[in-house]
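S.K.: Okay, here's the structure, questions in a sec.
The values are calculated or read from the model by the stated rules, or taken from the named source; none is laboratory data. Small disclaimer: the values here were computed from a predicted structure and weren't measured. Methodologically, a virtual Cβ is constructed for each residue, glycine included, from the backbone with ideal geometry; neighbour enumeration extends over all protein chains shown.
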Amino acid sequence: MSITKVLKQFTLVSLLLAATAMAQTPYDDGQKALREQRWTDAAEQFNEAIKVDKANADAAMYWRAHALYKAGRRSEAERQIGKLERKYPDSRWVKEARVLQIEHESSAPVVADAASDTGLDAELRMFALAQLMQRDPDRALPLVIDALENADSKSTRSDALFMLGMSDSEVAQQAVADIASDSSDPELQADAINILGVSGSQISLGLLKSLYTDSASKNVKKAVIHAYLSNDEAAPLLEILKTEKDPGLQRDIIHMLGAMDATSELDDLYPTLTDSETRIAAIEAFSMAGDTARLRRILETETDPELRKACIYGIAMDGGAESTEFLKSIYANASGTEEKTAILEALVMMDDAEELALNVVRTETDPELRQLAIEVLGVMGATAELGELYGSLGDNETRMTVLHAMAISGDTSALIEILETEKNAELRAEAIRAIGINDDDSAADYMVSLYPNGSRDEKIAVIESMMIMDNTKGLIALLKQETDPELKRNMLEMLSVMDSEEATEFLFELLENKG
């Protein structure tokens, strides 16, 4: 290819690219006119875009209204917004257009009047004000303050308060402080106090302190406590705690300190706390902060059983291997049955109770603790261990507990294994009921096969299990083979209350002498 031909092709491509770049849409021309503040030209371009660019017609309507407002053609702008609302009611540009109405409305200090002029509801007006607080805060601020002071709606006042809380303006912050000091609306006052806490300024924190000291309202005091938490300010709370006499408020403060991990400061105060519930709150605070070392230290000296249990549960919340081993190690020297029970329960919470539970069953002499340990094994799903225990136990009462634990674990195969060898009728019946608790079709078939050769107690247990499992088919099969009038009556009664088409049809067949 000659150099001349290459140059010609290059020139042609350049011309095509330039032509493409120049081929702007009316929408693009309208945006350009807006940037250059040619409001009338922009309105005309967007009017053209509405006709030819259906994909952006709603946006073009919005921008045309914007341009018309800027050009001083208010009536045309509002007619354009009306068309946008009618033609594209779900468009995001509708809300933006309503903000324009607020932004360009005549100055009107009374919120209700302005809302009436524009036909806007309170919720939409507050949405518009939120937008305007970002665009022109100096102009919007008086409207927001007016809404806070004069609106009838609680939600409107709450929204206005939130907007003021987000503003750095001294006027806005003073308005929030005024509401925080005003007890006429306790709910709004609490919101204002929380906003002061979030702001974190020294002025706000100072005001919080005076509010707590001067107010007689417990709700105000609680709001101040939560405000300090929002600002992660532990020092003022510790100061308040030293003088606060109300146990309920003491507990609230202590919980907040735990949430802020201020446990070293709280540790110094723990010995001075005289109320048992307040001390439990401190233990809970250490637990919230994950400070198990302090909980262990409390266990070294604390004698109150309830406080010791609270420490044990608090340590369990940590969930670490070190905490697990610690709880296992203190079981032998635990102060009594309640504390040993708490340790077992705590280890269940930590999903590591199997080893201790087995040890308790084998060595513990307290029947209550042995029963609990067996139930724990069921909760932990230790069915193999439960099966071994069952074979090694001599008394029927403990064996019965093992059957209950197996029912909790849901292991029907282990229960069936026991039924294969167990001779005691009472235990066999209980094993059948344990199987019935678990809705297992194969287990139901197995129980139906047991029925013909079962004792009366076993048959009753099978019938009850069918009812528990809602197994209409199995119950009908048993009824058809049973000759004992009392057992047949029991099964008929059960079928009559079962919500099953199959049961209904069977009962009709009996009544109509068809079966």
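S.K.: Between a residue in segment 392-412 that is surrounded by fewer than 19 Cβ atoms within 10 Å (Cβ to Cβ) and any residue that is part of a loop (DSSP other than H, G, I, E, B), which pairs come within a Cβ distance under 7 Å, given they are 6 or more apart or on different chains?
M.R.: Asn396/Asn424; Gly410/Asn438
S.K.: Here are the criteria: (1) under 34 Å from the mean Cα position of the chain (by Cα); (2) among the charged types (D, E, K, R); (3) part of a helix (DSSP H, G or I). Tell me which single one Asp351 does not satisfy.
M.R.: Unmet for Asp351, out of (1) under 34 Å from the mean Cα position of the chain (by Cα); (2) among the charged types (D, E, K, R); (3) part of a helix (DSSP H, G or I): (3).
S.K.: Can you find, within segment 298-322, the residue that is farthest from Met260 (Cα to Cα) among those that are among the hydroxyl-bearing types (Ser, Thr, Tyr) and in a helix (DSSP H, G or I)?
M.R.: Thr301
S.K.: Looking at Asp267, Asp351, which is the one that is touching a residue at least 12 places away in the same chain (Cβ under 8 Å), closer than 30 Å to Glu385 by Cα and out of contact with any Phe, Trp or Tyr (no Cβ under 6 Å at 6 or more places or on another chain)?
M.R.: Answer to the check: Asp351.
S.K.: Same structure, new question: Is it the case that some residue within segment 362-377 is surrounded by fewer than 17 Cβ atoms within 10 Å (Cβ to Cβ), in a helix (DSSP H, G or I) and of a type in the set (Lys, Arg)?
M.R.: Yes - at least one qualifying residue is present in segment 362-377.
S.K.: Can Val448 be described as crowded, with 21+ Cβ neighbours inside 10 Å, within 16 Å of Thr412 (Cβ to Cβ), at pLDDT 85 or above and not charged (D, E, K, R)?
M.R.: Considered against the rule, which asks whether it is crowded, with 21+ Cβ neighbours inside 10 Å, within 16 Å of Thr412 (Cβ to Cβ), at pLDDT 85 or above and not charged (D, E, K, R), Val448 comes out as no.
S.K.: Whether any residue in segment 200-218 is surrounded by fewer than 22 Cβ atoms within 10 Å (Cβ to Cβ) and within 26 Å of the chain's Cα centre (by Cα) is what I want to check.
M.R.: The answer is no; no qualifying residue exists.
S.K.: On to the next question. Can you tell me which of (1) farther than 21 Å from Glu368 by Cβ; (2) touching a residue at least 24 places away in the same chain (Cβ under 8 Å); (3) among the charged types (D, E, K, R); (4) part of a helix (DSSP H, G or I) is the one Glu325 doesn't meet?
M.R.: (2)
S.K.: Let me ask another. Look through His66, His104 and report the one residue that is surrounded by 15 or more Cβ atoms within 10 Å (Cβ to Cβ), at pLDDT below 85 and in contact with a Phe, Trp or Tyr (Cβ under 9 Å, 6 or more places away or on another chain).
M.R.: His104
S.K.: Oh, and also: Can you find a residue in segment 176-190 that is farther than 24 Å from Ala147 by Cβ and either assigned to a helix (DSSP H, G or I) or modelled with pLDDT under 85 (or both)?
M.R.: no
S.K.: Do the conditions hold for Glu422, that is, is it out of contact with any Phe, Trp or Tyr (no Cβ under 8 Å at 6 or more places or on another chain) and farther than 23 Å from Gly378 by Cα?
M.R.: no
S.K.: Also: Does Ala177 satisfy the condition of being surrounded by 13 or more Cβ atoms within 10 Å (Cβ to Cβ), under 30 Å from Leu269 (Cβ atoms), touching a helix residue (DSSP H, G or I) at 6+ places or on another chain (Cβ under 8 Å) and not polar (S, T, N, Q)?
M.R.: No: the conditions fail for Ala177.
S.K.: Could you please let me know if Ile315 is under 30 Å from Thr401 (Cα atoms), in contact with a Phe, Trp or Tyr (Cβ under 6 Å, 6 or more places away or on another chain) and of a type outside the set (Gly, Ala, Ser)?
M.R.: no
S.K.: Looking at Ala23, Ala60, Ala19, can you tell me which residue is modelled with pLDDT of 85 or more and of a type outside the set (Val, Ile, Thr)?
M.R.: Residue meeting the stated conditions: Ala60.
S.K.: Here is a follow-up. Here are some conditions: (1) closer than 20 Å to Ile416 by Cβ; (2) surrounded by fewer than 17 Cβ atoms within 10 Å (Cβ to Cβ); (3) acidic (Asp, Glu). Glu505 meets all but one. Which one does it not meet?
M.R.: Exception for Glu505: condition (1).
S.K.: Please verify whether Glu36 is surrounded by fewer than 15 Cβ atoms within 10 Å (Cβ to Cβ), modelled with pLDDT of 80 or more and within 29 Å of Ala140 (Cβ to Cβ), treating the condition exactly as stated.
M.R.: Considered against the rule, which asks whether it is surrounded by fewer than 15 Cβ atoms within 10 Å (Cβ to Cβ), modelled with pLDDT of 80 or more and within 29 Å of Ala140 (Cβ to Cβ), Glu36 comes out as yes.
S.K.: Okay, next question. Enumerate the pairs (first residue in segment 489-511 and within 17 Å of Ile460 (Cβ to Cβ); second residue anywhere and assigned to a loop (DSSP other than H, G, I, E, B)) with beta-carbon separation below 8 Å, excluding pairs fewer than 6 apart on the same chain, so at least 6 apart or on different chains.
M.R.: Going by the 8 Å Cβ cut-off, the qualifying pairs are Met491/Glu482.
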